[in-house]
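The structure appears right after this line, and notes come after that.
Nothing in this text is a laboratory measurement; each read-out follows from the coordinates by a stated rule. Just so it is clear, the structure is predicted and the values come from calculations on it, not from any experiment. All Cβ positions, glycine included, derive from the backbone under ideal geometry; neighbour counts span all protein chains shown.
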Amino acid sequence: MRAMTSEPVPRDQLERILDAAAHAPNAGNRRLQRLVVIDDAATLRVLRMVSPGMLQHPAAAVVICIDVARAVEYGLPATSSGLLIDVGTAAQTMLLAAHALDLGSGPVTSFSKAAVSTVLNLPARWSPELVVCLGHAASTQPSPVGPHRRLTWRDLSYWGRLDRNANTVAGS
Ligand SMILES: Cc1cc2nc3c(=O)[nH]c(=O)nc-3n(C[C@H](O)[C@H](O)[C@H](O)COP(=O)(O)O)c2cc1C
């Protein structure tokens, strides 16, 4: 959802969404993601100022961070793909939990990491990776972004072994 009302999200619903994130699939069950909840209007306003891709005015936001130093202590490179995949599973699980609670939600990665770290006083060892915006969906929504029609599963999926010479341009 990229348009939200100003109605607040109750604390108990935020906690249920965080609980869902804590149950998301996680590589090696290491749990290197940290969730920072922002639900006060002043901090949300500043967060939006450093997030050009945050088109909605959320009533709350969860900033998913990676504890990079902890990852390195585990022997993982800071660039390990699993760290970002786990950000994705946590985010998607929160989006689904929000939907189940009749809330609107939207992921945002278009923000300045340095500015978000400063605004939220994040420890230097944490890297903010994705913001899940939460709120009550407005009755009208902007059109979806992107240049193409919505691709279907048929455009994106292949059965069995591929023919290397076949046309594999999705949607063509
Ligand atoms: C990793 C990631 C980053 C995203 N960042 C943004 C963002 O910064 N701003 C935004 O409006 N939407 C963002 N989105 C949402 C996508 O634009 C959206 O999921 C996609 O356009 C599909 O739209 P739909 O959910 O309406 O099908 C992001 C999604 C993902 C998975």
Using the Karplus curve 6.51 cos²θ - 1.76 cosθ + 1.60 with θ = phi - 60°, work out ³J(HN,Hα) for each residue of segment 103-109 in order, rounded to whole Hz, and write x for Gly and Pro.
9, x, 8, x, x, 9, 10
Normalising by the residue count of the chain, find the relative contact order in percent from Cα pairs under 8 Å and 6+ residues apart.
32 percent
Go through 67-76, 31-40, 127-136 and give me the packing order, highest mean Cβ count within 10 Å leading.
127-136, 31-40, 67-76
What size of dipole, in debye to the nearest 20, comes out for the chain about its Cα centre when the only charges are +1 on Lys and Arg C-beta atoms and -1 on Asp and Glu C-beta atoms?
480 debye
Can you compute the FRET efficiency between Ser112 and Thr140 using 1/(1 + (r/R0)^6), with r the Cβ-Cβ distance and R0 = 35 Å? Round to the nearest 0.05.
0.75
Using the Cβ atoms and a cut-off under 11 Å, what net charge is assigned to the surroundings of Gln33, where Lys and Arg are +1 and Asp and Glu are -1?
+1
Asp102 to Ser157: FRET efficiency via 1/(1 + (r/R0)^6), r the Cβ-Cβ distance, R0 35 Å, to the nearest 0.05?
0.70
